[in-house]
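Chemist: Here it is, the structure, as structure tokens.
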Amino acid sequence: MNVVLSHLTDLLAGFGVTLQLTAIGFLGALVLGTVLAVCRVVPIAPLRVLGTVYVEFFRNIPLLSLLILVVFGLPDVGVTYSLFTSAALCLVLSGASFACEAIRGGINSVPIGQAEAARAIGLTFRQSLGSVILPQALRTMVQPLTNVFIGVALSSSLAAAIGVAELTNRTQQLTLRYAEAVLFFLASGAFYVVLALAGAGAGGWLERKVAIKR
């Protein structure tokens with residue numbers, strides 16, 4: 001156990017990178033997922049097709065495969081990003097497909113009469129979506145989006161495969177140096193558990209805040 005405590009700063013440094021990847025990945029996925037969800041519900045067929053194709057593609061390609069394609073494939077066509085940027089980009093692209101479905105499910109949970117009422121008083125599609133539908137849909141989106149956050153947080157560990165010095169990568173390096181795989185991975189696992197529980201707790205708090213008071 002002493003060897004883990006003596007290298008706790010290394011694990012904390014890796015955890016800091018994990019937090020950065022998680023924050024960028026989730027916020028980016030939330031923004032892109034919202035755009036995609038709107039595309040999937042607008043009365044414009046090409047946009048609905050575009051949103052569907054995106055979701056089906058990125059939801060069914062393993063994140064590790066996507067990371068390898070971005071890191072080793074894009075340079076072949078003259079596009080190069082840092083390893084950290086590549087990992088964050090892949091988390092956004094992959095996470096957005098799941099965030100889109102969570103948001104679309106929330107939108108579809110709003111009674112159709114709400115949209116009809118918004119149109120009846122002269123609101124445009126954008127106005128009715130932003131002022132009527134999305135605020136009501138938020139109540140049912142919180143828990144699915146919390147799951148997306150946890151998924152992004154745990155998936156960030158795959159960035160170790162391309163050399164990003166996040167928590168799992170640091171743990172692997174320490175394991176190779178000291179041959180204490182069980183201790184180091186138990187310690188890093190504890191960090192992931194804390195992050196996931198913090199996300200779940202924040203999601204539960206937000207869900208209670210937006211719940212309809214009866």
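Chemist: In a GNM of the chain with a 10 Å cut-off on Cα contacts, which of R104, R126, R139 has the highest mean-square fluctuation?
Modeler: With Cα springs under 10 Å in the chain, the top fluctuation among R104, R126, R139 is at R126.
Chemist: Under the Kirkwood approximation applied to all pairs of distinct alpha-carbon atoms, what is the hydrodynamic radius of the stretch 2-210 in Å? Don't skip to the answer; put the middle values down first.
Modeler: Working: mean 1/r = 0.0532 Å⁻¹.
Kirkwood hydrodynamic radius for the stretch 2-210: 18.8 Å.
Chemist: Using r as the Cβ-Cβ distance of T175 and L197, and R0 as 30 Å, what FRET efficiency do you calculate, to the nearest 0.05?
Modeler: So, using R0 = 30 Å, E works out to roughly 0.75.
Chemist: Between A23 and T52, take the C-beta separation as r, use R0 = 25 Å, and let me know the FRET efficiency to the nearest 0.05.
Modeler: Values: r = 28 Å, r/R0 = 1.13.
For R0 = 25 Å, the calculated efficiency reads 0.35.
Chemist: Also, I was wondering about something else. Calculated FRET efficiency, Q143 and L64, Cβ-Cβ r, R0 30 Å, to nearest 0.05?
Modeler: 0.65
Chemist: Gaussian network model of the chain, Cα springs within a sub-10 Å range: biggest mean-square fluctuation belongs to which of I150, I162, I103?
Modeler: I162
Chemist: With a 10 Å cut-off between alpha carbons and a GNM built on the chain, which of L47, L158, L11 moves the most?
Modeler: The residue that fluctuates most here is L47.
Chemist: Assuming 0.36 nm per residue, please report the length gained on full extension of the stretch N108 to I121 beyond their Cα-Cα distance. Provide the component values of the computation, followed by the final result.
Modeler: Working: separation 13, 0.36 × 13 = 4.68 nm, distance 2.07 nm.
Full extension of this stretch gives 2.6 nm more.
A short reminder: the numbers here are calculations on the coordinates, not readings from a lab. Keep in mind that what you see is a predicted model, and the values were worked out from it rather than measured. Neighbour counts run over all protein chains shown; Cβ positions are idealised from the backbone, glycine included.
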